[in-house]
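**Q** My questions all concern the structure below.
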Amino acid sequence: KMNAPPTFESFLLFDGEKKITRENDTKVPNAAVFTINKEDHTLGGMIRQQLLKDPNVLFAAYKNPHPMENKVVLRIQTTSDYAPNDALMNSITDLISELSLFEERFREGLKDKQEGND
């Protein structure tokens, strides 16, 4: 732990640092590269999986450029009538819904278990 940065640097944005930035992919049509700061494989993998459920998403992948960098780089390519921004926003919205449902079912299961109704 001698050379490790302070732990808060892994999740707190610095002044002027954006949570997410977007660049157009100039090599591929209808593609963009999103950099999500202060995140790791947990979110990267979840968003990628959600994007791949969308039939208008042709390609979705992510990488963590370096283990010491707390960011995820997400590359998305979509069909010609569907913007990568929309694909990302829709996938995040759907993920939030799925996670809310998961939380609700988890809480119900926990309550049933505590009441002895398993």
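The values are calculated or read from the model by the stated rules, or taken from the named source; none is laboratory data. Worth saying up front: this structure is predicted, and the values here are computed from it rather than measured. Cβ coordinates were reconstructed from backbone atoms using ideal geometry, including for glycine residues, and neighbour counts include every protein chain displayed. These accessible areas exclude ligands, DNA and RNA; they are computed on the full protein's heavy atoms, side chains included. Shrake-Rupley method; radii C 1.70, N 1.55, O 1.52, S 1.80 Å.
To keep it simple, each residue is scored yes or no on (1) open to solvent by less than 90 Å² (accessible area, probe 1.4 Å); (2) of a type outside the set (S, T, N, Q).
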| residue | (1), (2) |
| --- | --- |
| Asp40 | yes, yes |
| Ile47 | yes, yes |
| Ala61 | yes, yes |
| Glu69 | yes, yes |
| Thr79 | yes, no |
| Pro84 | yes, yes |
| Leu95 | yes, yes |
| Phe106 | no, yes |
| Asn117 | no, no |
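**Q** Here's a check for you: in the stretch 9-24, which residue that is open to solvent by less than 100 Å² (accessible area, probe 1.4 Å) and of a type in the set (A, V, I, L, M, F, W, C) is nearest to the chain's Cα centre (by Cα)?
**A** Here the answer is Ile20.
**Q** Looking at the stretch 57-73, which of its residues are among the hydrophobic types (A, V, I, L, M, F, W, C) and at pLDDT 95 or above?
**A** Initial filter on the stretch 57-73 (among the hydrophobic types (A, V, I, L, M, F, W, C)): 57-61, 68, 72-73.
Within the stretch 57-73, Val57, Leu58, Phe59, Ala60, Ala61, Val72, Val73 meet the criteria.
**Q** Based on this model, can you work out whether Asn37 counts as farther than 28 Å from Leu12 by Cα and touching a strand residue (DSSP E or B) at 6+ places or on another chain (Cβ under 9 Å)? I'd like the intermediate steps shown before the answer.
**A** Working: farther than 28 Å from Leu12 by Cα: no; touching a strand residue (DSSP E or B) at 6+ places or on another chain (Cβ under 9 Å): yes.
When the stated conditions are applied, Asn37 does not pass them.
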